[in-house]
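Structure record follows, encoded as structure tokens.
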Amino acid sequence: MSHTVEILSVGTELLLGNIANTDAQMLSQGLSELGLNVFWHTVVGDNLQRAEEAVALAKKRADIIITTGGLGPTCDDLTKNVLAEAFGRKLVFDEGSAERIRSYFNRIGRTMTDNNLQQAMLPEGCTILPNDWGTAPGCAFEADGVHVIMLPGPPSECRPMFQYRAKPYLLSLSEGVIASHTIKLFGIGESTMEAQLRDQMNAMSNPTLAPYAKEGECELRVTAKAAADEEAQALLQPTVAQVRELFGDKVYGVDVPSLEYVVIRDLKEKGLTIGTAESCTGGLMAKRLTDVPGASAAFRGGIVSYTNEIKAGVLGVPQDMLNRLGAVSGEVAAAMAEGARRVLGCDIALSSTGVAGPDRDDRGSEVGTMFVAIATPEGTRVRALHLGARPMRERLRTQTASHAFDLARRYLSGLDYGD
């Protein structure tokens, strides 16, 4: 049976924009991996009437409703009350949940106020989802042909509650096994990728193929359903192989977290080290590399050479080159990478320089004009980028860093890695 899912996020702070609704994003990604179709995202404030209206609408159009937020101890935490009323369930006190709440406060050394026990009031007959990451338990039940799952709102609780509590419940709704693989691509736009696969995607039913746009890159998720995992994998592998063949070296991995992860993995496998020299990216490359667990085995260090004085004085970029060309040029990017490789004593080095905006530089270079370079024992290569003036400054920096990582992963994979 194909399920339709609505995610209902409760909290006035979401409507006001005080916090981002990262719970809904996380849930959509996780549900997609399970082969469940999210058709609607709804956000409603801490208002009884509007929450009742939102639940009534969700009940009409979805057969799985997943809520986040509104399970806490204060008077505006009304999610359970509204859902219980809508589905004719009484709220009853669960002593086991109450004891877990008491134990939590004892463990952190804080006095528990009585209103915290409101969190132990749960819909009668529900499946309780214990919360080992906070106080409010989640719960799940089925009524009127609809499955309801309630999760706490704080992302530090919602994410593990979905992973370890809600996901097993959802898997129990499906006969057989759902499996998926995520194919990561860099260097192709989503529309171009989708155009090459549109007819095939429309014709597929099991497995299915779905595109996703990320920050400066693309994903394709292949999902299959079968009686057992071995059968599901047998359905998936031909499609994965076909996509790899179609897009060639634009595919940088399957089921890998990121470009920087691939770079660090490949460096470690080859026993090589890397360093960075950054201008426009302002340390973002170093930050992303060191976000990868185990990066210390391969990453030597980074230099943020934001001014020409540092480019010349630390990295050794010739002053006459800076005077003649300015900081935004392929020649300067190459000299920065070579300087970083020398100063940091690494096997390969990446560099970035460009105009991230909001204005042109003093030589008239347009916003979005970027250069990245890689210095290796075999020589130095440069990639010129024209990312356009419209993207925001942060996006330009992210895309520039990703292009630098793409140079590195291509070099490490023995692919063509320069323009």
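The values are calculated or read from the model by the stated rules, or taken from the named source; none is laboratory data. No experiment lies behind these values; they were computed from the predicted model shown. So basically every Cβ, Gly included, is an ideal-geometry build from the backbone, and we count neighbours across all protein chains shown. Note: accessible area is taken over every heavy atom of the protein model, side chains too, but ligands, DNA and RNA are not part of it. Shrake-Rupley method; radii C 1.70, N 1.55, O 1.52, S 1.80 Å.
Side notes on the structure shown:
- For the range 245-302, radius of gyration divided by Kirkwood radius, i.e. Rg to Rh on alpha-carbons: 1.02
- Accessible carbon and sulfur surface of the range 204-320 relative to its total accessible area, %, 1.4 Å: 52
- Candidate aspartates and glutamates - alpha carbon under 13 Å from Lys80, same-chain residues fewer than 8 apart omitted: Asp46, Glu52, Glu124
- Length added when fully stretched, Asp76-Ser191, from 0.36 nm per residue minus Cα-Cα: 37.1 nm
- Values [x] -0.50, -1.15, -1.22; [y] -0.38, -1.05, -1.19; [z] -0.46, -1.03, -1.10 are given for comparison; log10 I(q)/I(0) by the Debye sum over Cα atoms at q = 0.07, 0.12, 0.13 Å⁻¹, derived from the coordinates here, is the one labelled [z].
- Gaussian network model of the chain, springs between alpha carbon atoms under 10 Å - residue of Val92, Val55, Val292 with greatest fluctuation: Val92
- Label-to-label distance, nm, for residues given as Asn47 and Met26 (7 Å Cα→Cβ offset): 2.8
- Formal net charge of residues neighbouring Thr79 (Cβ-Cβ distance under 12 Å; K, R +1; D, E -1): -4
- Potential lengthening between Glu85 and Thr12 on full extension [0.36 nm per residue; Cα-Cα distance subtracted]: 24.2 nm
- Centre-to-centre, using Cα atoms only, the range 272-337 and the range 134-198 are separated by 40 Å.
- From helices alone, the chain scores -12000 deg cm²/dmol at 222 nm; the rule is -39500 (n - 2.57) for each run of n ≥ 4 DSSP H residues, then divide by the residue total.
- The range 243-365 - share of DSSP beta bridges that are antiparallel (%, nearest 5): 0
- Kirkwood estimate for the range 105-172, i.e. one over the average of 1/r between Cα atoms, Å: 13.0
- Under the convention that each Lys and Arg Cβ holds +1 and each Asp and Glu Cβ holds -1, the size of the dipole of the chain around its Cα centre is about 780 debye.
- Distance between the 7 Å Cα→Cβ label points at Met112 and Val92: 2.0 nm.
- Accessible area (Å², 1.4 Å probe, nearest 10) - Leu16: 120
- For the range 92-135, the percent of C-alpha pairs falling in each 5 Å distance bin, counted from 0 to the bin holding the largest distance, reads 5, 23, 35, 22, 10, 4, 1.
- Surface per residue (accessible, 1.4 Å probe) for the range 251-405, Å²: 43
- Here Lys311 is the anchor, and the aspartates and glutamates within straight C-alpha reach of less than 15 Å, apart from those fewer than 8 places off in the same chain, are Glu278, Asp320, Glu331, Glu338.
- Solvent-accessible area per residue in the range 10-119 equals 52 Å², computed with a 1.4 angstrom probe and all protein chains kept.
- Carbon + sulfur, % of accessible area of the range 76-127 - ligands and nucleic acids excluded, 1.4 Å: 46
- Additional length obtainable on full extension of the chain from Ala241 to Glu142, 0.36 nm per residue less Cα span: 31.7 nm
- Modelled spin-label separation between Asp199 and Thr4, with each label point placed 7 Å from Cα along the Cα-to-Cβ direction: 3.1 nm.
- Structure note, pairs Lys214/Lys250; Lys184/Lys250; Lys60/Lys167; Lys184/Lys214; Lys167/Lys225: Cα-Cα distances above 19 angstrom occur for Lys60/Lys167.
- Shape category assigned to the range 305-419 from the gyration tensor of Cα positions, a/c cut at 1.5: oblate
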